[in-house]
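The values are calculated or read from the model by the stated rules, or taken from the named source; none is laboratory data. Here the structure is a predicted model, which is why all the values come from computation and not from measurement. All Cβ positions, glycine included, derive from the backbone under ideal geometry; neighbour counts span all protein chains shown. Just the protein is used for accessible areas: all its heavy atoms, side chains included, with ligands, DNA and RNA removed. Shrake-Rupley method; radii C 1.70, N 1.55, O 1.52, S 1.80 Å.
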Amino acid sequence: MTIGVGLERAQYLLEHGDVVAIPTETVYGLAANAFDVDAVLKVFEVKQRPSFDPLIVHIGRKEQVRDVAKDIPPEARALIDRFWPGPLTLVLPKQQRVPDIVTSGLDTVGVRMPAHPLTLELLRSLDFPLAAPSANPFGYVSPTTAQHVADQLGEQVPYILDGGPCSVGVESTIIGFEPVPVLYRAGGIPVEEIEALIGPVSTTTPHSLGEGPGVRSPGMLLSHYAPRKRVIVGDVPDLMRTHQGKRIGVISFSQDHGAAINEVLSPSGDLHEAARGLFAALRRLDSSHVDLILAEVFPEEGLGRAINDRLRRAAGGVA
Ligand code: AMP
Ligand code: MG
């Protein structure tokens with residue numbers, strides 16, 4: 001495994017059916033040629049990802065959306081114009097050439113144009129799009145630095161393209177059209193901004209729908225984005241009293257709760273800054289000496305929705 005900024009090396013590997021870890025503004029992805037079934041299979045193997053969980057297809061130019069998707073509704077057009085490149089995935093009817101392994105047999109494909117200069121340059125150097133889920137073992141906290149990828153998948157990934165720490169830090173917002181716009185996963189673009197553009201978006205809480213085959217989005221998995229240690233989300237001072245005697249690590253928005261380890265995500269109360277630091281903080285606590293991770297409930301607005309969603313799932317859906 002090598003970490004570097006060699007675009008040509010990344011391009012070469014991808015063109016020869018290999019996988020490469022790539023930086024995006026959301027999290028690091030594990031990429032393969034979306035049109036090459038054997039290359040995509042490697043992504044599933046490396047991640048130990050169940051085949052029912054489809055991959056997002058990444059493109060380098062807006063027009064490329066037609067290479068992978070068809071029947072694009074006007075709301076999707078408006079979202080593409082406004083938010084691409086950016087942390088927004090659209091689930092659209094797929095073109096036949098997109099292999100079933102990418103979409104888990106669904107007749108739709110999740111597609112987005114990421115906003116990372118290095119990865120955009122890479123995508124534009126290739127004549128195929130990249131299928132890429134997050135570059136971590138399935139179910140674990142997503143990676144937001146090249147080192148996070150190396151720590152967990154280093155032996156299995158020939159090259160990690162280092163684009164620095166991810167600027168958004170939580171995964172993309174996923175929107176589907178059934179045909180009304182539906183939020184499948186809260187993420188880097190706040191749903192309020194999407195609604196301001198296209199009107200109401202249905203937010204049927206996916207985690208209430210259970211898990212297993214047929215899931216529409218990872219947001220529907222009750223336990224995901226999870227560290228190994230137990231995570232509890234709620235009123236932190238109360239929980240600290242309940243769990244007195246344990247070594248406690250706390251994830252909070254702006255307040256220090258005086259635990260053994262305190263991960264205060266944004267002392268100035270900025271949800272963007274909090275989202276950016278969330279996964280690194282979860283990883284630090286997971287590899288620290290604490291027995292238990294407690295997390296605040298963040299404001300349920302803007303990026304706070306995505307943060308709360310990830311924390312709930314880190315807690316295994318019990319919060
Ligand atoms: P990851 O970022 O690794 O969690 O993976 C991206 C997520 O996008 C997957 O877990 C999918 O559930 C979601 N996704 C990709 N394609 C589709 C699709 N056709 N329909 C619904 N969700 C999708
Ligand atoms: Mg993932």
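The order of the peptides 277-289, 191-203 by mean Cβ neighbours within 10 Å, most packed first, is 277-289, 191-203. Could you compute how much accessible surface Lys246 exposes when probed at 1.4 Å, giving the result in Å² to the nearest 10? Accessible area of Lys246: about 100 Å².
Among the trypsin sites (Lys or Arg not before Pro) in the range 87-130, those placed in a DSSP loop whose Cβ has at most 11 other Cβ atoms within 10 Å are Arg97.
Protein-only accessible surface at a 1.4 angstrom probe places the residues Met240, Met1, Met113 in the order Met1, Met240, Met113, largest first.
Pairs of Lys residues in the chain that lie 8 or more places apart, or on two chains, and have C-alpha atoms under 21 angstrom apart add up to 5. Here the relative contact order of the range 4-92, from alpha carbon pairs under 8 Å that lie six or more residues apart, stands at 18 percent. Would you mind telling me the share, in percent, of accessible area of the chain contributed by carbon and sulfur at probe 1.4 angstrom? Summing carbon and sulfur atoms, their accessible area is 49 percent of the total for the chain. Probing with 1.4 Å while keeping every protein chain in the model, the per residue accessible area of the chain equals 40 Å². Computed from the Cβ-Cβ distance with R0 of 41 Å, the FRET efficiency linking Val180 to His16 stands at 0.45.
On full extension, the segment bounded by Ser288 and Thr2 gains 100.3 nm, given 0.36 nm per residue less the C-alpha separation. Name the shape class, rounded, prolate or oblate, that the alpha-carbon gyration tensor gives for the range 1-114, where a ≥ b ≥ c are the square roots of its eigenvalues, rounded holds for a/c under 1.5, and otherwise prolate holds if a/b is larger than b/c and oblate otherwise. Note, shape of the range 1-114 comes out oblate.
For the range 223-319, calculate the relative contact order in percent as a whole number, restricting contacts to Cα pairs under 8 Å that are 6 or more residues apart. That works out to 42 percent. A prolate overall shape is assigned to the range 77-184, the ratio a/c of its alpha-carbon gyration tensor axes (a ≥ b ≥ c) being 1.5 or greater and a/b exceeding b/c.
Using the Karplus relation 6.51 cos²θ - 1.76 cosθ + 1.60 with θ = phi - 60°, the per-residue 3J(HN,Hα) values for the range 164-174 come to x, x, 5, 7, 9, x, 10, 5, 5, 6, 10 Hz, with x marking Gly and Pro.
Measuring nothing but how far apart in sequence close Cα pairs (under 8 Å, 6+ apart) lie, relative to its length, the chain scores a relative contact order of 19 percent.
What is the Cα convex hull volume of the chain when expressed per residue in Å³?
118 Å³
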